[in-house]
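To start, the structure itself, in structure tokens.
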Amino acid sequence: MADSRETLTINAFVAGYPIKHSRSPIIHSYWLKKFGIDGAYRAVEISPEDFPDFIAQLKQGKADMPVGGNVTIPHKEVAYRLADRPDALAEELGAANTIWVEEGRVHATNTDGYGFVANLDERHPGWDKIDRAVVLGAGGASRAVIQSLRDRGIGEIHVLNRTVERARELADRFGSRVFSHPQAALHEIMGGAGLFVNTTSLGMDGTEAPELDFSPLAADAVVTDIVYVPLKTPILKMAEQQGMATVDGLGMLLHQARPGFKRWFGEMPEVDETLRSLIIEDMEKHG
Ligand code: ATR
């Protein structure tokens with residue numbers, strides 16, 4: 001009897017390299033317990049060398065194999081490339097963070113952008129009644145942010161980056177409402193914007209964050225950071241001290257997990273304060 005019960009357990013994973021700091025197992029285990037679902041979500045460390053084999057095994061779809069999972073650094077681009085059915089979001093980003101298997105085919109999407117806007121919707125409803133957003137940084141994480149702002153219908157999205165070529169690349173990729181600038185133009189470009197998003201690690205690598213003056217932003221603008229460790233990043237601290245409304249990045253992590261959970265386990269979970277506290281507790285323990 002024990003065996004037949006075991007085959008009913010729905011398995012999912014988060015695959016990364018390294019993976020031990022992933023907080024995704026805490027999130028999904030919390031929801032599994034809440035819904036009383038017979039499921040398991042585990043972190044698996046897979047090296048880049050072994051990742052293609054891992055995907056090939058998934059496609060075999062054996063009863064005890066996971067139904068899907070999350071992929072994180074450094075596998076997001078390869079997961080997209082190896083997927084049989086990437087959706088339009090993953091296609092445009094060239095990266096996937098959520099995969100699932102259907103009839104031997106690997107499907108892939110990217111829920112980072114969903115997580116980003118859902119966090120703002122939750123923490124600062126009405127944030128999107130703006131004409132202009134400013135995104136600092138043009139790395140991998142910035143792409144999903146830009147895509148989600150564009151898809152939400154924000155009129156102008158201005159991307160600034162230390163290396164302006166990378167910002168230009170993103171403006172080309174994401175269409176006519178996305179504009180690129182060197183980081184030096186920040187003060188001017190912030191003028192009248194209703195949202196400021198930091199996607200860089202400025203001030204996080206032991207160096208001092210440059211002093212940013214948020215006064216050109218609209219008076220009711222929101223400043224947010226996609227980094228969530230620490231919860232109050234140097235940029236959020238600065239914005240708060242200048243009287244700006246701020247939203248921390250933890251909710252992006254929590255909300256990006258929801259569509260995957262629905263896909264693998266069948267229920268759309270909610271982000272609540274208990275879940276937030278569980279992650280904050282873990283951050284306090286492990287940094
Ligand atoms: P991620 O995928 O997390 O976005 P990434 O691709 O390494 O990581 O991008 C990091 C971003 O932070 C980039 O926009 C980077 O600017 P460059 O493209 O010029 O490298 C930005 N960044 C990191 N450290 C920075 C610093 N000290 N000053 C300004 N920008 C910085």
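Any residue in region 163-190 that's modelled with pLDDT under 95: show its pairings with residues that are away from the ligand (no atom under 15 Å from the Cβ) and open to solvent by less than 60 Å² (accessible area, probe 1.4 Å) at Cβ separation under 7 Å, as long as the two are six or more apart or on different chains.
GLY175/ARG150
Give GLU49, GLU122 a once-over and let me know the one that is under 17 Å from the mean Cα position of the chain (by Cα), farther than 30 Å from ALA184 by Cβ, open to solvent by 60 Å² or more (accessible area, probe 1.4 Å) and among the acidic types (Asp, Glu). So that I can check it myself, show each step before the final result.
Working: GLU49 fails: under 17 Å from the mean Cα position of the chain (by Cα).
Exactly one residue qualifies, and that residue is GLU122.
To keep it simple, each residue is scored yes or no on (1) within 14 Å of the ligand (Cβ to nearest atom); (2) open to solvent by 10 Å² or more (accessible area, probe 1.4 Å); (3) under 17 Å from LYS262 (Cα atoms).
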| position | (1), (2), (3) |
| --- | --- |
| LEU82 | no, yes, no |
| PRO86 | no, yes, no |
| LEU89 | no, yes, no |
| GLU92 | no, yes, no |
| ILE99 | no, no, yes |
| GLU103 | no, yes, no |
| GLY113 | yes, no, yes |
| PHE116 | yes, no, no |
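Which ones in region 134-148 are outside any helix (DSSP H, G or I) and closer than 23 Å to GLU91 by Cβ?
Scanning region 134-148 gives VAL135, GLY137, ALA138, GLY139.
Would you be able to tell me the number of residues in region 57-80 that are of a type in the set (A, V, I, L, M) and open to solvent by 50 Å² or more (accessible area, probe 1.4 Å)? Outline the logic, then answer.
The initial filter retains those residues of region 57-80 that are of a type in the set (A, V, I, L, M), namely 58, 63, 65, 67, 71, 73, 78-79.
Filter again for open to solvent by 50 Å² or more (accessible area, probe 1.4 Å), leaving 63, 67, 73.
Qualifying residue count, region 57-80: 3.
Which one of these does PRO48 not meet: (1) within 18 Å of HIS107 (Cα to Cα); (2) part of a loop (DSSP other than H, G, I, E, B)?
(1)
Can you name the number of the only condition in (1) closer than 20 Å to THR163 by Cα; (2) at pLDDT below 95 that VAL229 fails?
(1)
Pairs, please: C-beta under 8 Å, at least 6 apart or cross-chain, first residue closer than 15 Å to ASP112 by Cβ and in region 73-90, second at pLDDT below 95 and open to solvent by 50 Å² or more (accessible area, probe 1.4 Å)?
LYS76/GLY140
Scan region 125-139 residue by residue and report those that are open to solvent by 10 Å² or more (accessible area, probe 1.4 Å) and either more than 16 Å from the ligand (Cβ to nearest atom) or in contact with a helix residue (DSSP H, G or I) (Cβ under 7 Å, 6 or more places away or on another chain) (or both).
Residues satisfying the conditions are PRO125, GLY126, ASP128, LYS129, ILE130, ASP131, ARG132.
Among the residues that make up region 22-40, is at least one of them part of a helix (DSSP H, G or I), open to solvent by 20 Å² or more (accessible area, probe 1.4 Å), in contact with a strand residue (DSSP E or B) (Cβ under 6 Å, 6 or more places away or on another chain) and within 16 Å of the ligand (Cβ to nearest atom)?
So far as region 22-40 goes, no, none of its residues is part of a helix (DSSP H, G or I), open to solvent by 20 Å² or more (accessible area, probe 1.4 Å), in contact with a strand residue (DSSP E or B) (Cβ under 6 Å, 6 or more places away or on another chain) and within 16 Å of the ligand (Cβ to nearest atom).
What's the number of the only condition in (1) over 18 Å from TRP100 (Cα atoms); (2) without any contact (Cβ under 8 Å) to a residue 24 or more places away in the chain; (3) among the basic types (Lys, Arg) that LYS34 fails to meet?
It fails just one condition, (2).
The values are calculated or read from the model by the stated rules, or taken from the named source; none is laboratory data. Fair warning: this is a prediction, and the values are worked out from it, not measured in the lab. Quick reminder, even Gly has a Cβ in these numbers, built from the backbone with ideal geometry, and neighbours come from all protein chains shown. What goes into the accessible areas is simple: the full protein's heavy atoms, side chains included, and nothing from ligands, DNA or RNA. Shrake-Rupley method; radii C 1.70, N 1.55, O 1.52, S 1.80 Å.
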